[in-house]
Structure formats: C-alpha cells, structure tokens
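The values are calculated or read from the model by the stated rules, or taken from the named source; none is laboratory data. Keep in mind that what you see is a predicted model, and the values were worked out from it rather than measured. Every residue, glycine as well, gets a Cβ built from its backbone with ideal geometry; the counts of neighbours run over all protein chains shown. Surface accessibility is based on the protein's heavy atoms, side chains included, excluding ligands, DNA and RNA. Shrake-Rupley method; radii C 1.70, N 1.55, O 1.52, S 1.80 Å.
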Amino acid sequence: MGGNQVLAVVVVVVVLVVVLVVVVVVVVVGVVVVVVVVVVVVVVVVVVVVAVVVVVFLVVVLVRGVLLC
C-alpha cells in the first residue's frame with residue numbers, strides 16, 4: 001500500500017468514528033429528552049390529581065359544614 005492509500009484508510013476510519021460518536025450522542029440526548037419529558041408529564045399529572053383531590057376534599061368539608069349548620 002502506498003502512502004496515499006494508508007492516508008485514505010485513516011481518513012475513512014476517522015470519519016466513521018466521528019459519525020458513530022455523533023450518532024451515539026444524538027441517541028443519548030434523545031433518550032435524555034424523552035426521559036425528562038416523561039418525568040415532567042408524570043409530575044404535572046400527580047400535581048393535578050393532588051390538586052383535584054384537595055379541592056374535592058375542601059368542597060366536601062364545606063358542604064358538610066353548611067349542611068350541619
């Protein structure tokens with residue numbers, strides 16, 4: 001193999017490694033974004049459910065208070 005062929009092989013290997021690293025980084029970032037979105041959605045759902053439960057509880061207490069008076 002001549003010097004040019006060795007250089008070409010090195011360049012191809014470097015390009016493939018860079019592409020692989022970029023793909024891995026994109027996949028990892030995508031997974032992290034999906035996990036963050038899922039966590040945010042779960043937190044929002046939990047907060048909404050807790051808020052609804054608290055409001056229902058307060059309404060029940062107020063209605064009982066009014067009816068008992």
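Computed in the context of the full set of protein chains, the accessible area of the chain at 1.4 Å probe radius has 91% of its extent on carbon or sulfur.
Annotation for VAL63 and VAL10: the two label points, set 7 Å from Cα along the Cα-Cβ direction, are 8.0 nm apart. Of the two radii for region 1-57, the radius of gyration is 1.60 times the Kirkwood radius, both from the alpha carbons; that is the Rg over Rh value.
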